[in-house]
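What follows is a set of notes on a single structure, which appears directly below.
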Amino acid sequence: MTRSMTRALVVLVALGALACGGGSSTVDATPDATPDAPADVTPSDVDAEDALDKDPGGPEADVPRPEIDDEVTDPAVQAAIDQGKYWLSNAEPWMAREAFEQALALAPSSVDARFGAGLAQLVYGAEQFLTIFQMLTGQAFGFPPPPVGILPLPQQTENDYLAEALHTLLNELRAELASAEAHFDALGDLELAWDIDGVPLYAGVRPVMIFRGTYTRTDLELIRAVTDVFVWVCDLLVAQDFHTDVMTVISFVKDADDLDVWILLNTLGYLLDQDPRFFQLREDDGLALADDGYLRLKGVGQHLLAAFERLDSLEPTEQTISYVDPAKPADTLIIRNKVDHSKAAGPEEVPLTMTFTPKVRTTYENVLAAIEVPGSLATWDDTLAQIATLVVGLSKTGLLAFLLGDLIPIDLSSLEIHQAIVVVNNLVPAPIALDWGTFHQHPVGLRAVLPKIEYDPEGANPSNFLIEWECPDEVAANDGQAAGAAGFICTADAVLADAPHFVGTPYEIPADGVVSRLPYLVWDDPTIGGLLFVDPSLVDGAISVEPGFAPADNFTLNLALRGMLDGIIDMFVK
């Protein structure tokens, strides 16, 4: 395992220093795209939270929408809007936000100011988001100064300080993005025609997208879908409790050149054991954030479907940012523009294209129904389409390479969503389905996703997770663990034998009829809060069972993992 895994552990400290940092660059998006700066406008003391009367530290309450009227003629308001557009087109979203907020302070009903404020906050928050998550994947590294405004409390341990600093950082990022969405929501169902020369989105020190033209209601629906994705991820993370013994782990891994699977699992087991709060929902705001995440997840589907409905009837012009090109297949979405940095002559702006087949669109409807109605199941194909949409979108914009770098050895940017679904389905057939509606009724922390541990510093099991294999001779000859993939799976040459597992414990699993190189694990709640369902009859070679999806248990979950991963293991891991 590479040093990037070490960085991912140490980054708990580094993250705290980003709370007040900036993500955008001051480099012009393109040499000739900068208009003359309008007269300077004094930044407003009124920010988006004040304008919308909301609490930036947690999920939004029902906020009355301000009256919106595009007939605003005050020259001071227009000057502030022009100033905001100038800063936004010059890759300064924070300065742009200040100018748009000044306009809103003068004219709260201005559509141009409201949309501009939301867009500036979204670009700024998205760039912050990208910076933080690039660090999480080990592609960036460093320890900036401690965060402003986050100071240790009296009698507070270093571990408690780090936990609260990380929570504060992520909560501030979430508040920025949620405030952008609140601005967009205040626009209601109004049509939109918002002109700007270009809005660059930076990943690090260079732009990956420059949105050129006139923003319409169609663009707004797509923007809101993207914003809800960002906020949903933030909700998921901010809801987690990070209290545990991080300092011991940092002192252990910060000088390590390499980490194997067992060190990583042992470290994770230690963190889980040291504090029962770690990766549970926070007691103060965890449930509220989980509820908000549920609404954001619904919003993604709702806004995507609304955008597609408008795209189908949209007649594009030369200034349209997002449209369906009549010269291409009817399901090809064009967005102007992505920045191609692969050309020898320098960066080049080219339209971004993504194909959304009718079948892919139907999966969005299916998942939305599963989210809204407890007991409705989203199939693996439905779920896979959502994952493929995210991965393909990130790939085509260049953000996947920015976030994951050398962790992704191949270029996925030429792959379309329906093609990705076929590829993954062939590699990872899955007998699972997801009940998002029921999961919302029983939200759980990330700890529920992880296998069960029984931490014993003197025990023989180096991972602390309850774990067994089906290569008994290899395990006996290798100090109680498998010998493949740093000791995590059985080698390709191992003699495999189907057998029951965890015999004599409350977690006993009968033989399932499938021999596998993968380890067997157990979970306290295999359904993960009612989310996971399994149809074991869909696993090749499994013992005869009644077909149909049922809530996962440790037997069916392990069987499902074999059905999903055995093919990949045999193909890529020796």
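So here's what we get for this one:
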{"item": "Which numbered condition PRO519 fails, given (1) touching a His at 6+ places or on another chain (Cβ under 9 Å); (2) surrounded by 15 or more Cβ atoms within 10 Å (Cβ to Cβ)", "result": "(1)"}
{"item": "Test: residue in segment 208-229 that is surrounded by 18 or more Cβ atoms within 10 Å (Cβ to Cβ), closer than 16 Å to ALA163 by Cβ, touching a residue at least 40 places away in the same chain (Cβ under 8 Å) and over 24 Å from the mean Cα position of the chain (by Cα)", "result": "no"}
{"item": "Residues located in segment 515-566, provided they are in contact with a helix residue (DSSP H, G or I) (Cβ under 6 Å, 6 or more places away or on another chain) and part of a helix (DSSP H, G or I)", "result": "PRO536, THR556, LEU559"}
{"item": "Among the candidates ARG217, ARG224, ARG212, ARG206, residue that is among the basic types (Lys, Arg) and touching a Ser or Thr at 6+ places or on another chain (Cβ under 8 Å)", "result": "ARG206"}
{"item": "Residue under evaluation PRO108, criteria (1) in contact with a helix residue (DSSP H, G or I) (Cβ under 7 Å, 6 or more places away or on another chain); (2) at pLDDT 95 or above, criterion not met", "result": "(2)"}
{"item": "Single match in ILE223, ILE196 (criterion: among the hydrophobic types (A, V, I, L, M, F, W, C) and not in a strand (DSSP E or B))", "result": "ILE223"}
{"item": "Within segment 405-448, tally of residues that are within 18 Å of ALA388 (Cα to Cα), surrounded by 14 or more Cβ atoms within 10 Å (Cβ to Cβ) and of a type in the set (Gly, Ala, Ser)", "result": "4"}
{"item": "Unique match (being at pLDDT below 95 and among the aromatic types (Phe, Trp, Tyr)) among TYR161, TYR86, TYR124", "result": "TYR161"}
{"item": "Residues of segment 520-574 that turn out to be of a type in the set (S, T, N, Q) and touching a residue at least 60 places away in the same chain (Cβ under 8 Å), as a count", "result": "1"}
{"item": "Filtered residues of segment 535-567 (kept if among the polar types (S, T, N, Q) and more than 18 Å from PRO451 (Cβ to Cβ))", "result": "SER537, SER544"}
{"item": "Answer residue from segment 479-512, given it is of a type outside the set (A, V, I, L, M) and under 30 Å from GLY375 (Cβ atoms) and is surrounded by the fewest Cβ atoms within 10 Å (Cβ to Cβ) among those", "result": "PRO506"}
{"item": "Lone qualifier among PRO506, PRO500 - being closer than 18 Å to GLY563 by Cα and of a type outside the set (Gly, Ala, Ser)", "result": "PRO500"}
{"item": "Residue among ASP331, ASP340, ASP291 that alone is surrounded by fewer than 17 Cβ atoms within 10 Å (Cβ to Cβ) and in contact with a strand residue (DSSP E or B) (Cβ under 9 Å, 6 or more places away or on another chain)", "result": "ASP340"}
{"item": "Residue within segment 550-573 that is surrounded by fewer than 15 Cβ atoms within 10 Å (Cβ to Cβ), over 19 Å from ALA433 (Cβ atoms) and of a type in the set (Gly, Ala, Ser) present", "result": "no"}
{"item": "Identity of the residue in segment 299-335, in a helix (DSSP H, G or I) and without any contact (Cβ under 8 Å) to a residue 12 or more places away in the chain, that ends up farthest from the chain's Cα centre (by Cα)", "result": "SER313"}
{"item": "Filter result for LEU177 (at pLDDT below 95 and either surrounded by 18 or more Cβ atoms within 10 Å (Cβ to Cβ) or out of contact with any Leu (no Cβ under 7 Å at 6 or more places or on another chain) (or both))", "result": "no"}
{"item": "Filtered residues of segment 341-394 (kept if small (Gly, Ala, Ser), under 19 Å from TYR202 (Cα atoms) and within 22 Å of the chain's Cα centre (by Cα))", "result": "GLY393"}
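Every residue, every condition in (1) more than 28 Å from PHE133 (Cβ to Cβ); (2) modelled with pLDDT under 80; (3) touching a strand residue (DSSP E or B) at 6+ places or on another chain (Cβ under 6 Å), yes or no:
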{"position": "ILE408", "(1), (2), (3)": "no, yes, no"}
{"position": "LEU412", "(1), (2), (3)": "no, no, no"}
{"position": "VAL428", "(1), (2), (3)": "no, no, no"}
{"position": "ASP456", "(1), (2), (3)": "yes, yes, no"}
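The values are calculated or read from the model by the stated rules, or taken from the named source; none is laboratory data. All figures in this text were calculated on a predicted structure; none of them were measured in a lab. Quick reminder, even Gly has a Cβ in these numbers, built from the backbone with ideal geometry, and neighbours come from all protein chains shown.
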